[in-house]
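Asks: Before we start, here is the structure in question, set down as structure tokens.
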Amino acid sequence: MTETLLKNVKVVTHDRDEPVDADIAIAGGRIVRVEPGLSTDGEVIDGGGKLAFPGVVDAHQHWGIYNPLSEDTESESRACAQGGVTTALTYMRTGMYYLNRGGPYAEFFPEVLKQSEGRAYVDYGFHLAPMSSGHIDELPALVERFGVPSFKIFMFYGGHGLHGRSDDQSSFLMLPEGERYDYAHFEFVMRGVQAVRERLPDLAGEISLSLHCETAEIMTAYTRLVEEAGQVEGLAAYSASRPPHSEGLAVFIASYLAHETGLTNVNLLHLSSRKAMDAAVRMAATFPAIDFRREVTIGHLLADVDTADGIGGKVNPPIRPREDVEALWEYVLDGTVDWVVSDHACCREEAKFGTPRENVFLAKSGFGGAEYLLPGLITEGRRRGLPYGRIAALTSRNPAERFGLRGKGVIAPGFDADICLVDPARPWTVRARDSESRQEYTPFEGFEMTARVTDTFVRGSRVLDDGKIVGAPTGRYLPRPV
């Protein structure tokens, strides 16, 4: 029996450029029918002719990096719902930040699950980073016991700090004595991930490795040059200190290591520049056996070093000059980019800014933005001719498919009733004070949006009603595949 009927909406799906008029029947948290003229004896919700997008699968967030995980899970999941995000996949690792502890994931990850349980307004999952050799040995258990099939390498961590130059990465990473986080470790992580894929052939397509591609040695040298020259400041200085060819070189290295190890599922994260994307395209042509996926963030698509609102826009890799923003849009429009994410990392003012506040090299890296993901992509994408269906693919279907979320990402019978309603003609101005995030600023302050998420449903339950969070947190941890 249909429990809820969402009527009078224009349904957007990844396989059609433009939406179609239809009603959506929901029962037991799942979609049961999608067609015009449906009726029910249950609850009827009038969609008012709005666009019905599949709930956004934001495959790149960082809950708990700068604030207690229990707090971030609640507040930042509320911000997710504001942006139409119904599933958040958040990166987690041992070492400084997050839980501020090392050790095996068999002890670490249950604490992650405990601290997040019962607090989220949207469904969520985790990616994990094998930081030590012991973590590589744990990979099969992480997939089979905990439902985590996606892993990450931070390529610059071994020789460069999270926020800039550092001479003490060993303490930051909390590695066992005698171990190094370097190219050799990256190789062994790749071999470990591929071994799990071969051990579990039915899940192999959904087991993957993601890489943050920047080169520590290049960034360390350029940071020194930029600081000593003192000719640029702010976000422009930070971009110059982590130059685009550092990204491109790291993509080349990562790709060859994947080729060497036989790893065929590789995700290149938050590519921020023409050089990085060009390297990714070249490597895909060079190694056709590798199934590369290419990710960009909404921050890198909306803001540049001049338009972002101050050094609150510091992030890794950096916000770039306008020419790189335009280059990324070229790759979005031609289909090279596979998905768009927020890279949401709530960093409150007291933690974000150093003294003096204007020194970008003293600020911490990262900022929130899930609440602007879908509105921002629609606003800027439609202006450039990006079809609605392509937006649905970039924000929902593609990441859901890659990361083992089998019941997410599509408005169709049998899928979870994860839906967000969008008014494509409701202009608004971004103000940090209007966000449910605990972050008090945003680099998008004052940006003009042309579309707004008004309502968000997670498995059929409304969590955002006319722009306001409603109800209690009912989000679930998703052991994947699900």
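The values are calculated or read from the model by the stated rules, or taken from the named source; none is laboratory data. As the structure is a computational prediction, the values presented were derived from the model and not from experiment. FYI the Cβ positions are ideal-geometry reconstructions off the backbone, even for glycines, and counts take in every protein chain you see. The accessibility values were calculated without ligands, DNA or RNA, using every heavy atom of the protein model including side chains. Shrake-Rupley method; radii C 1.70, N 1.55, O 1.52, S 1.80 Å.
Asks: Any idea how far the Cα center of region 12-40 sits from the one of region 421-481, in Å?
Replies: Comparing the Cα centres of region 12-40 and region 421-481, I get a distance of 22 Å.
Asks: Can I ask one more? Assign unit charges at the C-beta atoms only (+1 for Lys and Arg, -1 for Asp and Glu), then state the dipole size of region 73-222 relative to its Cα centre in Debye, rounded to the nearest 20. Before the final figure, lay out the partial values.
Replies: Details: 12 positive and 20 negative charges, 49 e Å.
Around 240 debye, computed over region 73-222.
Asks: Let me check I have the definition right: for region 81-141, take the eigenvalues of the Cα gyration tensor, multiply each by 5, take square roots. What are those semi-axes in whole Å, largest first? Walk me through the numbers before you get to the answer.
Replies: Values: eigenvalues 117, 29, 23 Å².
Semi-axes from the Cα gyration tensor: 24, 12, 11 Å.
Asks: Let me ask something additional. Averaging sequence separations of C-alpha pairs under 8 Å and six or more residues apart, then dividing by the length of region 423-482, give the relative contact order as a whole percent.
Replies: Working: 69 pairs, mean separation 16.0, N = 60.
Reported as a whole number, the value is 27 percent.
Asks: What whole number of Å gives the distance from the Cα centroid of region 279-315 to the Cα centroid of region 72-145?
Replies: 23
Asks: Which loop-located GluC sites (Glu not before Pro) does region 196-289 contain, where loop means any DSSP state but H, G, I, E or B and the Cβ has at most 16 other Cβ atoms within 10 Å?
Replies: Working: sites: E198, E206, E214, E217, E227, E228, E233, E247, E260; in loops: E214, E233.
Taking region 196-289 and a limit of 16 other Cβ atoms within 10 Å, the loop GluC sites (Glu not before Pro) found are E233.
Asks: Moving to a separate point now. Can you list residues whose amide H is under 5 Å from W339's amide H, if they're 5+ apart or on another chain and H is modeled 1.01 Å from N?
Replies: HN-HN under 5 Å from W339: R294, V296.
Asks: Same structure again: Rounded to the nearest 0.05, what FRET efficiency do Y222 and D466 have when you use their Cβ-Cβ distance and R0 = 41 Å?
Replies: Numbers: r = 48 Å, r/R0 = 1.17.
Computed FRET efficiency for Y222 and D466 comes out at 0.30.
Asks: Can I ask one more? Please report Rg (one decimal) and Dmax (integer) in Å for the Cα set of region 1-157.
Replies: Spelled out, the Cα radius of gyration and Dmax of region 1-157 are 19.7, 58 Å.
Asks: Normalised by the number of residues in region 214-316, what is the relative contact order in percent for Cα pairs under 8 Å and 6+ residues apart?
Replies: Working: 117 pairs, mean separation 29.7, N = 103.
Across region 214-316, relative contact order equals 29 percent.
Asks: Using the Karplus curve 6.51 cos²θ - 1.76 cosθ + 1.60 with θ = phi - 60°, work out ³J(HN,Hα) for each residue of region 228-241 in order, rounded to whole Hz, and write x for Gly and Pro.
Replies: In residue order, the calculated couplings are 5, 6, x, 8, 10, 9, x, 5, 5, 5, 5, 4, 5, 6 Hz.
Asks: Applying 1/(1 + (r/R0)^6) with R0 = 25 Å to the Cβ-Cβ distance of S171 and S70, what FRET efficiency is obtained, to the nearest 0.05? Can you show the working numbers first?
Replies: Values: r = 25 Å, r/R0 = 1.01.
So the FRET efficiency works out to roughly 0.50.
Asks: Any idea how far apart A184 and N100 come out in nm if each label point goes 7 Å out from Cα toward Cβ?
Replies: 3.2
Asks: Return the FRET efficiency for the residue pair W428, T307: r is the Cβ-Cβ distance, R0 is 22 Å, and the value is rounded to the nearest 0.05.
Replies: FRET efficiency, W428 to T307: 0.80.
Asks: Apply the Kirkwood formula to the chain: the hydrodynamic radius equals the inverse of the mean of 1/r over all pairs of different alpha-carbon atoms; give it in Å with one decimal. Spell out each step's value before the answer.
Replies: Values: mean 1/r = 0.0447 Å⁻¹.
Hydrodynamic radius (Kirkwood, Cα only) of the chain equals 22.4 Å.
Asks: Round to a whole number: what % of the accessible area of the chain belongs to carbon and sulfur, probe 1.4 Å? It would help to have the intermediate numbers written out before the result.
Replies: Numbers: 8220 of 17260 Å².
Using a 1.4 Å probe with all protein chains present, the chain comes out at 48 percent carbon and sulfur.
Asks: DSSP beta bridges in the chain, what fraction antiparallel, as a percent rounded to 5? Present the calculation step by step, with values, prior to reporting the outcome.
Replies: Details: 29 of 64 bridges.
Antiparallel bridges: around 45 percent, rounded to the nearest 5.
Asks: Residues of the chain: accessible area per residue at 1.4 Å, in Å²? Don't jump to the answer; show the numbers that get you there.
Replies: Numbers: 17260 Å² over 482 residues.
Accessible surface, normalised per residue, equals 36 Å².
Asks: How far apart, in nanometres, would the label points at V32 and A204 be if each is projected 7 angstrom from Cα along the Cα-to-Cβ direction?
Replies: Between V32 and A204, the label points sit 3.9 nm apart.
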